[in-house]
């Protein structure tokens, strides 16, 4: 199943109170790739929100493994729906356990005299000149076969690097029908935590909390467009790492800010 098919299934599950599954091709080890589980849960949540209220902030906690080819369901709760903003929580339930939980804020555009532009710009080379991360069965996670990652600076996990930043470009291998916030949620998490490249060999690591803040530029996005990604490790120690990343569209407009807390076992 491609990304569009999975997102549509999630939406239909909420409308008809049904369960769904995802295939092994979207797995990362014994659990779902975090980006797909976050995108599915967001899609379920978005069903309960007015279409004119774009996503502003999304926090995802990965509580436990979401297993492939095993039914799971969604629970969505509208905490408050005000004149301008909506606050919701949502959960993925599998085998009677909460495995993923989200909290989201949606809000309409409003007039304000306050306007501060994002000053940081990326200087990444054109993705066409960069090597793509290959999909290698039994080596790279299965979900890598669904996305293109072009590394401009940094390296893949477990390569004993001395630095902890990671820059590059990303897009879907099979272009979706359009790029929504759900598609972008999925893409952004395709990058491994930048700190993992410092490790000398494979070792367990798990994202505990992931926060995304969305900016909505006016330029339309083409499904074949690349998105630029620049991540830094703010701090790491005592078995935990804290990372931040900026994401730009191919016009150089900031579209999202990502923050991640990762448990690292080395």
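The values are calculated or read from the model by the stated rules, or taken from the named source; none is laboratory data. Just so it is clear, the model here is predicted, and its values are computed rather than measured. Cβ sites come from the backbone with ideal geometry, for glycine too, and all protein chains shown count toward neighbours.
Key figures
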{"read-out": "Hits in the range 110-139 - residues which are surrounded by 10 or more Cβ atoms within 10 Å (Cβ to Cβ) and in contact (Cβ under 8 Å) with a residue 40 or more places away in the chain", "value": "118, 121, 122, 124, 127"}
{"read-out": "Unique residue being under 22 Å from residue 1 (Cβ atoms), in contact with a strand residue (DSSP E or B) (Cβ under 8 Å, 6 or more places away or on another chain) and not in a strand (DSSP E or B) when the list is 143, 135", "value": "143"}
{"read-out": "Pair list, Cβ under 6 Å, 6 or more apart: the range 50-63 residue under 21 Å from residue 109 (Cα atoms), other residue in a loop (DSSP other than H, G, I, E, B) and at pLDDT below 95", "value": "52/108; 53/108; 54/216"}
{"read-out": "In the range 163-179, the residues that are over 16 Å from residue 243 (Cα atoms) and touching a helix residue (DSSP H, G or I) at 6+ places or on another chain (Cβ under 8 Å)", "value": "169, 170, 171, 172, 173, 174, 176, 177"}
{"read-out": "Qualifying positions in the range 44-93 - part of a loop (DSSP other than H, G, I, E, B) and farther than 21 Å from residue 29 by Cβ", "value": "47, 48, 49, 50, 51, 52, 53, 54, 82, 83, 84"}
{"read-out": "Flag for residue 209 being farther than 18 Å from residue 251 by Cα and within 14 Å of the chain's Cα centre (by Cα)", "value": "yes"}
{"read-out": "Selection status of residue 41, surrounded by 21 or more Cβ atoms within 10 Å (Cβ to Cβ), out of contact with any helix residue (DSSP H, G or I) (no Cβ under 6 Å at 6 or more places or on another chain), at pLDDT 95 or above and not in a loop (DSSP other than H, G, I, E, B)", "value": "yes"}
{"read-out": "Selection within the range 158-190 - buried (at least 18 other Cβ atoms within 10 Å of the Cβ), part of a loop (DSSP other than H, G, I, E, B) and in contact with a strand residue (DSSP E or B) (Cβ under 8 Å, 6 or more places away or on another chain)", "value": "164, 189, 190"}
{"read-out": "Residue list for the range 220-242, restricted to those being in contact with a helix residue (DSSP H, G or I) (Cβ under 6 Å, 6 or more places away or on another chain), within 16 Å of residue 192 (Cα to Cα) and either modelled with pLDDT under 95 or not in a strand (DSSP E or B) (or both)", "value": "233, 236, 241"}
